[in-house]
Structure formats: structure tokens, C-alpha cells
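Below: the structure, in C-alpha cells.
The values are calculated or read from the model by the stated rules, or taken from the named source; none is laboratory data. Because the structure is a prediction, the values reported are computed rather than measured. Cβ atoms come from the backbone with ideal geometry, glycine included; neighbour counts cover every protein chain shown.
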Amino acid sequence: MDTQQFLTRTRDICNSAVNYIKDNPGEILLFAVGVMMLDIDTTLEQIEEHEEIQSAFDVWQYNNTNGGV
């Protein structure tokens, strides 16, 4: 495949993608919301893990300082 054929094929694929997006905005929006929901779920899990670690550290610090006397 030479360069001209590659560029023509790439242009055709890009045009098809743009046309699909124009014709199906609801599907694109639904996909974007799905990706954001996965990201939110991961973020919430990370927050929960951080809270557990912070709580354990707070208990350790309380027991090893004057508060745990």
C-alpha cells in the first residue's frame, strides 16, 4: 500500500466516523456517560480505601500518643 492509498483509506475511515457521530449522537452520549460512570466508580473505591487507611492511621496515632494513655 503506497502513501496515497493509505491517506485515501484513512480519510474514508475518518469520514465514516464523523458521519456515524452525526447520525447517532444519542449512542455517543450514552457511551460517554458509561465511561464517566466507570470512572466515578473507580474514584469512589479509591476514596473508600483512603478512608480505611486514614482511619487505621488515626487509631494507631491515638494509641501511640498521649490520647491513648
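Listed values, structure above:
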{"item": "Residue identified as among the small types (G, A, S), in a helix (DSSP H, G or I) and at pLDDT below 90 among A56, A17, A32", "result": "A56"}
{"item": "Sole exception among (1) modelled with pLDDT of 90 or more; (2) surrounded by 10 or more Cβ atoms within 10 Å (Cβ to Cβ); (3) small (G, A, S) for G26, by number", "result": "(2)"}
{"item": "Pair list, Cβ < 6 Å and 6+ apart or interchain, from the stretch 45-61 residues that are in contact (Cβ under 8 Å) with a residue 12 or more places away in the chain to residues that are in a helix (DSSP H, G or I)", "result": "none"}
